[in-house]
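Visitor: Sharing a structure here in structure tokens format.
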Amino acid sequence: MTPRSCVSPANARVALAALLLCASCQRQTAPAPAGSALAAASAPRPVDHLAPDELAAGTADVWGLTIPRDMRIEHRFPEIAYVVGPVKADALANYVRDRVVVSHVEIGAGRTIFPNAHIKGGSRDHVYELDVIPEPSGSRLEIQDLTPVKVVPGLSDEERWRQAGLTPQGRPLDMKKFE
């Protein structure tokens with residue numbers, strides 16, 4: 001004799017329907033109140049928003065380094081530039097860190113130094129030192145071009161002086177250029 005099943009076909013259909021109904025239900029959570037910290041932490045942040053103390057890039061640049069929006073170029077000379085603005089020194093250091101290639105960073109109480117740095121948006125063969133200095137009204141960024149002058153082989157001393165715009169005695173060849 002064959003063993004008989006205790007489950008009738010009608011009971012099997014009811015059990016299968018209940019199982020499918022439970023599997024198709026999704027648990028929904030109630031939204032958190034608008035002012036709660038949980039709502040702020042779980043809400044995705046839009047990509048176009050800055051993190052706290054993150055500086056936005058401006059339109060001016062010095063040797064390929066885009067200056068932050070809230071800062072301005074105070075002085076710019078052939079080998080050094082000074083940039084100032086009402087920003088926090090640590091925020092400025094983080095901004096610079098993202099835009100230079102450097103082997104190490106020297107962090108001190110009075111300044112943050114990026115020695116022998118290459119600016120990502122600048123010339124690959126130039127070497128810079130960038131100093132972030134806190135000031136009472138914000139921060140100062142000093143960018144110094146440390147690239148050594150290329151020596152042209154085969155020139156005499158007189159030709160090198162002439163190339164620099166000077167006589168061998170150190171006097172200017174054209175006084176109008178120095179006015």
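Visitor: So, with +1 on the Cβ of K and R and -1 on the Cβ of D and E, and no other charges, what is the size of the charge dipole of region 51-151 about its Cα centre, to the nearest 20 debye?
Guide: Working: 11 positive and 15 negative charges, 41 e Å.
So the dipole magnitude of region 51-151 works out to roughly 200 debye.
Visitor: What is the extension gain from Gln144 to Arg13, computed as 0.36 nm multiplied by their sequence separation minus the C-alpha to C-alpha distance, in nm to one decimal?
Guide: Details: separation 131, 0.36 × 131 = 47.16 nm, distance 8.16 nm.
Between Gln144 and Arg13, full extension yields 39.0 nm more.
Visitor: At 7 Å along the Cα-to-beta-carbon direction for both Ser156 and Gln169, put a label point, then send me their distance in nm to one decimal.
Guide: 1.8 nm
Visitor: Stretched out fully, how many nm does the piece from Asp70 to Ala109 gain, at 0.36 nm a residue minus the Cα gap?
Guide: On the way: separation 39, 0.36 × 39 = 14.04 nm, distance 2.34 nm.
The Asp70-Ala109 span can extend by a further 11.7 nm.
Visitor: Within region 81-145, which trypsin sites (Lys or Arg not before Pro) sit in a loop by DSSP and count at most 16 neighbouring Cβ atoms inside 10 Å? Show your work: numbers first, answer last.
Guide: Values: sites: Lys88, Arg97, Arg99, Arg111, Lys120, Arg124, Arg140; in loops: Lys88, Arg111, Lys120, Arg124.
Within region 81-145, the qualifying trypsin sites (Lys or Arg not before Pro) (loop, at most 16 other Cβ atoms within 10 Å) are Lys88, Arg111, Lys120, Arg124.
Visitor: Take Glu129 and Ala60, extend 7 Å from each Cα along the Cα→Cβ direction, and tell me the distance between the two endpoints in nm.
Guide: Once both label points are built, they end up 2.4 nm from each other.
Bear in mind that the values in this text are calculations on the coordinates, not laboratory data. Note that the structure is predicted; figures quoted are calculated from it, not measured. Don't worry about glycine lacking a Cβ; one is built from the backbone with ideal geometry, like all the others, and counts go over all protein chains shown.
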